[in-house]
Amino acid sequence: MNQNLHQAGVKLLNALSRNADLIMQVYLSGTLHEGDASPGALDNLKKLGILWRPEAGGPLRLKKAVRTLLESSLQDERNRQIDTNIGSTLASLKTLAQHYKEALAHHRYAEAQAHMNDLSEHVYALTESLGNSVRALFSRINNEFGYVASIDAKIRENELAQNQVSELLSQLEMFRFDELSDVAGSIRELRHLLVVALQQSFARCTQELSIAQSRLLELLGRFREFRGKTRLLKGFLLHMEQQPDFAPANYANHSQVPTLFNLAKPLLQPAAVDVNRVDHEQDLLLLVGRIKALHRADKPIDEQRAAQSIEVENQGQVELDDKAIHQAVEAYFCEVIDTGQRLTALQYLTKQGLDFDPEVWIYQVIGGYQGLAEEDRKFFALEPEVENHPIFTGNNIVRDIELGLR
Amino acid sequence: MISEQGRILERLLSGDFICEISDEDGWRYLKQSANFEAVDQYLSTLNRSLSSAADGQVYFAAYRTLGEGERKVLSSQFQEIAAGLLPLVEWLLLVQQSSGSDVPVTQGSTIRSNELQTTIEDTPAYKEQLAKIARYRLFNSNSTEVVGQLNLVFKRLTELGYLLRPNPDKQIYIATGKIDYLYEVLRFIDETEALSLAEQAESAIAQGSLL
């Protein structure tokens with residue numbers, strides 16, 4: 001028989017997993033559109049007790065047990081049902097405990113064990129359902145009944161939740177731990193289940209419920225305040241529509257002006273700068289530094305600085321015969337080596353009658369000197385003949401360069 | 001270094017409302033009765049007193065004794081408040097309706113102006129409502145675009161101290177305690193003029209002529 005049960009369970013779970021899409025669709029939408037699924041699968045699911053038809057001709061729905069399973073596993077906040085039927089569960093717990101004790105007394109240990117298993121199942125189911133109920137309440141509080149849009153609906157939901165809390169609390173009062181401990185007697189396992197486990201869950205549950213209740217009241221107060229404010233706004237608008245010329249009496253003329261309208265005129269103006277305060281000096285300096293002083297008009301007109309018209313014309317093509325000038329520079333260096341005399345570049349230029357531009361020539365000589373290898377350069381000394389610019393100080397003009405041997 | 005008290009005094013005397021959103025430190029400071037007394041004492045030299053509204057959610061400076069001049073100031077201020085009521089109420093309802101959560105704007109509510117803009121642009125009724133609101137003298141917009149109208153409304157409300165923009169790079173605004181002050185003003189007018197606004201709204205809802 002055990003084997004059969006195992007097989008049937010596996011078959012059921014397999015059916016669940018095979019039709020997972022379908023079941024989730026029914027879970028989310030509430031009912032099944034029978035056109036969407038194959039009739040064979042539907043028959044199978046109906047036979048297994050996963051789907052059922054509450055009324056003939058009505059749509060198929062998920063069985064409560066499957067729905068509860070999904071809700072508790074998915075922590076779905078739509079789970080708004082709270083199981084408050086604790087009284088009957090407690091009664092069945094007591095009955096089972098009696099069975100267990102009787103079986104023990106007659107030394108039927110196998111039977112006793114079965115009762116014990118049953119009993120633990122019930123106790124843990126009870127604690128779990130208590131926990132779930134509280135969790136469902138809290139999830140509703142935490143999103144402030146976000147699943148309904150209007151404030152009025154929120155207030156109704158809140159009232160429903162408050163009813164459920166008080167229901168739960170009154171059910172919890174049915175826990176009589178003295179009775180339960182009498183039932184448990186001196187049997188350790190029973191005591192553990194009926195007294196310790198239940199008491200722990202009871203204590204946790206009552207504590208959380210009392211918090212939930214106070215939060216609910218607080219929320220209700222807030223919702224009512226919201227509703228009051230909305231009505232105030234809408235009412236005012238309505239009133240203004242009906243009596244567009246409505247103007248409240250000027251309360252400021254009453255002998256007792258209401259505190260609400262007693263608003264003093266702004267008094268303070270920004271303070272002025274005190275230049276004699278030493279500790280402000282730094283800040284003031286910064287401020288002064290940021291001032292952009294423009295004193296152009298005070299300066300005498302300076303011809304050199306005055307704007308000049310710039311003539312833009314095509315640059316004449318300057319072509320340098322690289323080779324010729326290179327050879328000339330080399331010849332100049334050779335001349336210096338040969339004679340051993342110091343010779344300025346321009347002197348050489350005129351002496352040889354070369355027709356290079358003097359400036360280009362000087363540049364090329366400097367370039368030739370820089371272009372020498374390090375050890376070759378050591379033999380030469382290059383000295384520019386520098387002249388200061390007549391007007392703009394700091395600018396030097398190289399008039400000529402003198403090359404000699406070291 | 002300016003003391004906390006000095007800072008708060010400066011804000012109060014500049015005509016600011018101090019609430020948990022606009023100045024949390026200052027608000028907590030004033031919540032302690034000893035500090036409240038001290039600030040009040042200080043203000044008394046300037047014929048001001050420390051006043052609070054909306055269950056202590058906002059603090060502001062009020063006149064201690066009212067002379068001719070003070071009454072004149074209060075009178076013109078009241079005119080301003082009364083003139084601003086209708087646009088503000090319409091604005092609050094617009095934000096509440098378009099946010100879809102049916103929760104009124106109160107202190108600490110965040111408003112994302114770009115989300116609001118998308119909703120309003122998608123709904124012709126909201127568009128009309130916004131255009132109407134923006135044309136009030138309080139906002140005085142002559143823009144025909146939703147963006148321009150919204151930006152102006154947000155800018156004005158921030159200037160008036162109803163909204164706070166914590167990060168100038170982001171389009172997120174937080175409602176300050178001054179919004180709750182506004183509700184208080186409405187409630188006061190409702191009671192004093194015996195308008196029974198809430199009942200009017202309720203009966204209108206019951207009759208189905210929902211706003």
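With respect to being surrounded by fewer than 20 Cβ atoms within 10 Å (Cβ to Cβ), closer than 19 Å to B:LEU160 by Cβ and either of a type in the set (Val, Ile, Thr) or under 15 Å from the mean Cα position of the chain (by Cα) (or both), B:ALA54 falls outside the description. The helices (runs of 4 or more DSSP H) found entirely in region A:15-118 that carry 3 or more residues being more than 30 Å from A:SER186 (Cα to Cα) and among the polar types (S, T, N, Q) are A:64-74. Pairing residues of region A:237-249 that are more than 7 Å from chain B (Cβ to nearest Cβ) with residues that are among the hydrophobic types (A, V, I, L, M, F, W, C) and surrounded by 15 or more Cβ atoms within 10 Å (Cβ to Cβ), at Cβ distances under 7 Å and at least 6 apart in sequence or on separate chains, gives A:PHE246/A:MET240. So which residues in region B:168-189 are over 22 Å from A:ASP152 (Cα atoms), more than 7 Å from chain A (Cβ to nearest Cβ) and assigned to a helix (DSSP H, G or I), if there are any at all? Within region B:168-189, B:GLY177, B:LYS178, B:ILE179, B:TYR181, B:LEU182 qualify.
Condition check ((1) in contact (Cβ under 8 Å) with a residue 60 or more places away in the chain; (2) farther than 16 Å from B:LYS155 by Cα; (3) under 18 Å from the mean Cα position of the chain (by Cα); (4) surrounded by 15 or more Cβ atoms within 10 Å (Cβ to Cβ)) across all residues:
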| residue | (1), (2), (3), (4) |
| --- | --- |
| B:SER109 | yes, yes, yes, yes |
| B:SER113 | yes, no, yes, yes |
| B:THR119 | no, yes, no, yes |
| B:TYR126 | no, yes, no, yes |
| B:ALA131 | no, no, no, yes |
| B:ALA134 | no, no, yes, yes |
| B:LEU138 | no, no, yes, yes |
| B:THR144 | no, yes, no, no |
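Here is the figure for region B:172-191: residues that are closer than 16 Å to B:VAL153 by Cβ and small (Gly, Ala, Ser) total 1.
Taken together, the criteria place A:GLU208 among residues that are under 32 Å from the mean Cα position of the chain (by Cα), closer than 30 Å to A:SER120 by Cβ, assigned to a helix (DSSP H, G or I) and acidic (Asp, Glu). Evaluation of B:VAL95 against the conditions (1) at the interface with chain A (Cβ under 10 Å from one of its Cβ atoms); (2) assigned to a helix (DSSP H, G or I) shows that the sole unmet condition is (1).
One residue stands out among those in region B:1-55 that are part of a strand (DSSP E or B), touching a residue at least 24 places away in the same chain (Cβ under 8 Å) and within 21 Å of B:GLU184 (Cα to Cα): the one that is nearest to the other protein chains (Cβ to nearest Cβ), which is B:ALA53. Kindly evaluate B:THR106 against the criterion of being assigned to a helix (DSSP H, G or I) and β-branched (Val, Ile, Thr). When the stated conditions are applied, B:THR106 does not pass them. Scan region B:141-154 and tell me whether some residue there is within 14 Å of chain A (Cβ to nearest Cβ) and part of a helix (DSSP H, G or I). Taking every residue of region B:141-154 in turn, none turns out to be within 14 Å of chain A (Cβ to nearest Cβ) and part of a helix (DSSP H, G or I). Inspect region A:150-163 for any residue being buried (at least 16 other Cβ atoms within 10 Å of the Cβ), touching a Gly at 6+ places or on another chain (Cβ under 8 Å) and farther than 25 Å from A:GLU208 by Cβ and give the result as yes or no. Within region A:150-163, not a single residue is buried (at least 16 other Cβ atoms within 10 Å of the Cβ), touching a Gly at 6+ places or on another chain (Cβ under 8 Å) and farther than 25 Å from A:GLU208 by Cβ.
Annotation note: of B:VAL58, B:VAL105, the sole residue that is among the β-branched types (Val, Ile, Thr), assigned by TED's automatic domain parsing to the domain that holds B:PRO124 and touching a residue at least 12 places away in the same chain (Cβ under 8 Å) is B:VAL105.
The values are calculated or read from the model by the stated rules, or taken from the named source; none is laboratory data. Everything numeric in this text was worked out from a predicted model, so none of it was measured. All Cβ positions, even for glycine, are placed from backbone atoms using ideal geometry, and neighbour counts span all protein chains on display.
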